[in-house]
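Quick notes on the structure that follows.
The values are calculated or read from the model by the stated rules, or taken from the named source; none is laboratory data. This structure is a prediction, so every number in the text was calculated from the model and none was measured. Cβ coordinates were reconstructed from backbone atoms using ideal geometry, including for glycine residues, and neighbour counts include every protein chain displayed. In case anyone asks, the SASA skips ligands and DNA or RNA and just uses the protein heavy atoms, side chains included. Shrake-Rupley method; radii C 1.70, N 1.55, O 1.52, S 1.80 Å.
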Amino acid sequence: MKYAVTALMLTAALVGAVQADTVVVTADRLVDVVGSRVLDKPQVTITDGRITAVASQGAPVAAGVRHVDLLGQTLVPGLIDMHVHLTSDPALNGYRGLEFTDNFWTVVGVANARKTLEAGFTTVRNVGSANYDDVALKQGIEAGYVPGPRIVPATYAIGATGGHCDATEFPPSIQVPAPGIANGPQEIRALVRKLRKYGAEVIKFCGTGGVFSKTDSVAGQQYSLAEMQALVEEAHMLGLKVAVHAHGAVGIKDAIRAGVDTIEHASLADAEAIELAKAHGTYFSMDVYDDDYILAEGERNGTFKESLEKERKIGLLQRQNFKAAHAAGVKMIFGTDGGVYPNGDNAKQFATMVQWGMTPMQAIQAATVTAAEALGRSVDVGAIEVGRFGDLVAVKGDPLKDVTLLQHVSFVMKGGVVFKGAGPR
């Protein structure tokens, strides 16, 4: 059996129907992302899904506990992707998605959730889906019906009429539902409240144009500063963080001034935008791997020619600005835009981040401790520390010497439950 637990066992564990369970995990090395160091011969104890001890091998453990021995392997915390679309498939781009019923995309999400977890990503932020599909996925995973990562759902991405979050690929005679469209401060505030009502745990909005919208300018601003301020104020009042899709420099700067928490893409961020991000403590989530996939596979996938042309103009610029932002000290988080490329290939971005200026440790920190900080969840995810969830990933070898090893994880544990690799003995 591929999984170490059945759905029934997982459901029982999640609802507290089983007694305290303890497992001890040992490996050759452990990447301490908080201390920026490596621990040799670690021994991690997880009880009821939470880490209760991090020690050296040989430290006392209770009699009869289960063991997972990962000889020759390195432990890293469960990885976090801050920008995914689990209910998207890049092979169904352009008009191809119109062949399927609305609920088809939930099924796609179930498959992608499993692939993402098996790739070592135990937590994701899903920043935009239709029909509240990401909330449905979250509920199904938490109830034990399907395997998948922890999901922080945004539900619909909010946008202006005719903007990146709107459907701009149809003539006026074809009307499509637009639940995420709002114009003006009052409409925007009301929509933020509605999305929270139906399960949003983060608010995502489109502040500028984008690559995959057919008719807009990728750099053009689509919400005014006043509209952005209303959205951010409403979301923060409700306890929600805000992510903004923003490629263009002017839109990025207004979004930072409005108080957003994370800038998604940040492709055309200029020196002033970088300085503003540093001053405000705003995180950049830059999907620097995607350019390779979009330009290699986009035409075959049915991507609009307009979108491919926009990608050709900004792909290299985004990577250059990633390097500049990182060098300047902007807080960088790992966000891939999974769904633009195949979900499950998330870890391919690590090598691109290293190529454009990060050390392997810094790239891993962007997907662990820094991402957890940006989520406001430094107490439960993002590091192998006492009190946090027992989210552990292992690779054969040392990812600090070869970060591409993270593309081939051999072991995945989420909340003390083994989903890939050797189970406890």
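Would you check if there is a residue in the stretch 64-81 being open to solvent by less than 40 Å² (accessible area, probe 1.4 Å) and either in contact with a His (Cβ under 7 Å, 6 or more places away or on another chain) or among the charged types (D, E, K, R) (or both)? Yes, because at least one residue in the stretch 64-81 is open to solvent by less than 40 Å² (accessible area, probe 1.4 Å) and either in contact with a His (Cβ under 7 Å, 6 or more places away or on another chain) or among the charged types (D, E, K, R) (or both). Considering the stretch 168-178 alone, what residues qualify as being open to solvent by 40 Å² or more (accessible area, probe 1.4 Å) and either touching a Ser or Thr at 6+ places or on another chain (Cβ under 9 Å) or closer than 30 Å to Val418 by Cβ (or both)? Correct list: Glu169, Ala178. Among residues of the stretch 236-265 that are touching a residue at least 40 places away in the same chain (Cβ under 8 Å) and at negative phi, those with a Cβ under 6 angstrom from a residue that is of a type in the set (Phe, Trp, Tyr) and open to solvent by 10 Å² or more (accessible area, probe 1.4 Å), sequence gap 6+ or separate chain, pair up as Thr262/Tyr283. A single entry from Asp345, Asp291 fulfils the requirement of being under 14 Å from the mean Cα position of the chain (by Cα) and not small (Gly, Ala, Ser): Asp345. Restricting attention to the stretch 246-259, the residues that are open to solvent by less than 10 Å² (accessible area, probe 1.4 Å) and hydrophobic (A, V, I, L, M, F, W, C) total 4. Being among the hydrophobic types (A, V, I, L, M, F, W, C), closer than 29 Å to His408 by Cβ and out of contact with any strand residue (DSSP E or B) (no Cβ under 7 Å at 6 or more places or on another chain) is a property that does not hold for Met332. May I ask you to verify whether Asp291 is of a type outside the set (S, T, N, Q) and either in contact (Cβ under 8 Å) with a residue 40 or more places away in the chain or in a loop (DSSP other than H, G, I, E, B) (or both)? So Asp291 does not fit the description; no. Could you check, for the stretch 355-373, whether at least one of its residues is in contact with a strand residue (DSSP E or B) (Cβ under 9 Å, 6 or more places away or on another chain) and farther than 24 Å from Tyr283 by Cβ? No, every residue in the stretch 355-373 fails to be in contact with a strand residue (DSSP E or B) (Cβ under 9 Å, 6 or more places away or on another chain) and farther than 24 Å from Tyr283 by Cβ. For the stretch 409-418, the condition holds for no residue, the condition being that it is under 25 Å from Ile294 (Cα atoms), open to solvent by 10 Å² or more (accessible area, probe 1.4 Å) and small (Gly, Ala, Ser).
When you scan the stretch 308-318, do you find a residue that is basic (Lys, Arg), touching a Phe, Trp or Tyr at 6+ places or on another chain (Cβ under 7 Å) and not in a loop (DSSP other than H, G, I, E, B), even just one? So far as the stretch 308-318 goes, no, none of its residues is basic (Lys, Arg), touching a Phe, Trp or Tyr at 6+ places or on another chain (Cβ under 7 Å) and not in a loop (DSSP other than H, G, I, E, B). Checking each residue in the stretch 82-94 for being at pLDDT 95 or above and open to solvent by 20 Å² or more (accessible area, probe 1.4 Å) picks out His85, Ser88, Asp89, Ala91, Leu92.
From Val202, Val192, Val232, which residue is free of Cβ contacts under 8 Å to residues at least 40 places away in the same chain and open to solvent by less than 20 Å² (accessible area, probe 1.4 Å)?
Answer to the selection: Val232.
For the stretch 129-145, state whether one or more residues are assigned to a helix (DSSP H, G or I) and of a type in the set (Ser, Thr, Tyr). Looking through the stretch 129-145, none of the residues is assigned to a helix (DSSP H, G or I) and of a type in the set (Ser, Thr, Tyr). Every condition in (1) in contact (Cβ under 8 Å) with a residue 40 or more places away in the chain; (2) more than 22 Å from the chain's Cα centre (by Cα); (3) under 20 Å from Leu98 (Cα atoms) holds for Lys310 except the one numbered (3).
Of everything in the stretch 286-307 that's open to solvent by 60 Å² or more (accessible area, probe 1.4 Å) and aliphatic (A, V, I, L, M), which residue is nearest to Lys214 (Cα to Cα)? Lay out the reasoning, then the answer.
Within the stretch 286-307, the subset open to solvent by 60 Å² or more (accessible area, probe 1.4 Å) is 292, 295-296, 299-300, 305.
Filter once more, keeping what is aliphatic (A, V, I, L, M): 295-296.
Details: Leu295: 16, Ala296: 19 Å.
Among those residues, the one meeting the criterion is Leu295.
Looking at the stretch 18-120, the strands (runs of 3 or more DSSP E) lying wholly inside it that each contain 3 or more residues that are out of contact with any helix residue (DSSP H, G or I) (no Cβ under 8 Å at 6 or more places or on another chain) sit at 22-32, 37-40, 42-47, 50-56, 66-77.
Take the conditions open to solvent by 20 Å² or more (accessible area, probe 1.4 Å) and either part of a helix (DSSP H, G or I) or at pLDDT below 95 (or both) and apply them to Met353. Does it pass? No; evaluated as a whole, the condition is false for this residue.
A search for C-beta distances below 7 Å between a residue of the stretch 402-422 that is part of a strand (DSSP E or B) and any residue that is open to solvent by 50 Å² or more (accessible area, probe 1.4 Å) and at pLDDT 95 or above, counting only pairs 6+ apart in sequence or on different chains, returns Phe411/Lys420; Val412/Lys420. Which one of Ala243, Ala269 is part of a loop (DSSP other than H, G, I, E, B), of a type in the set (A, V, I, L, M, F, W, C) and open to solvent by less than 10 Å² (accessible area, probe 1.4 Å)? Going through Ala243, Ala269 in turn, just one is part of a loop (DSSP other than H, G, I, E, B), of a type in the set (A, V, I, L, M, F, W, C) and open to solvent by less than 10 Å² (accessible area, probe 1.4 Å): Ala269. Among the residues of the stretch 139-159, count how many are open to solvent by 10 Å² or more (accessible area, probe 1.4 Å), in contact (Cβ under 8 Å) with a residue 40 or more places away in the chain and small (Gly, Ala, Ser). Residues in the stretch 139-159 being open to solvent by 10 Å² or more (accessible area, probe 1.4 Å), in contact (Cβ under 8 Å) with a residue 40 or more places away in the chain and small (Gly, Ala, Ser): 2 in total. So, in the stretch 392-406, of the ones that are under 20 Å from the mean Cα position of the chain (by Cα) and over 21 Å from Val381 (Cβ atoms), which residue ends up surrounded by the most Cβ atoms within 10 Å (Cβ to Cβ)? Ranking the qualifying residues of the stretch 392-406, first place goes to Leu405.
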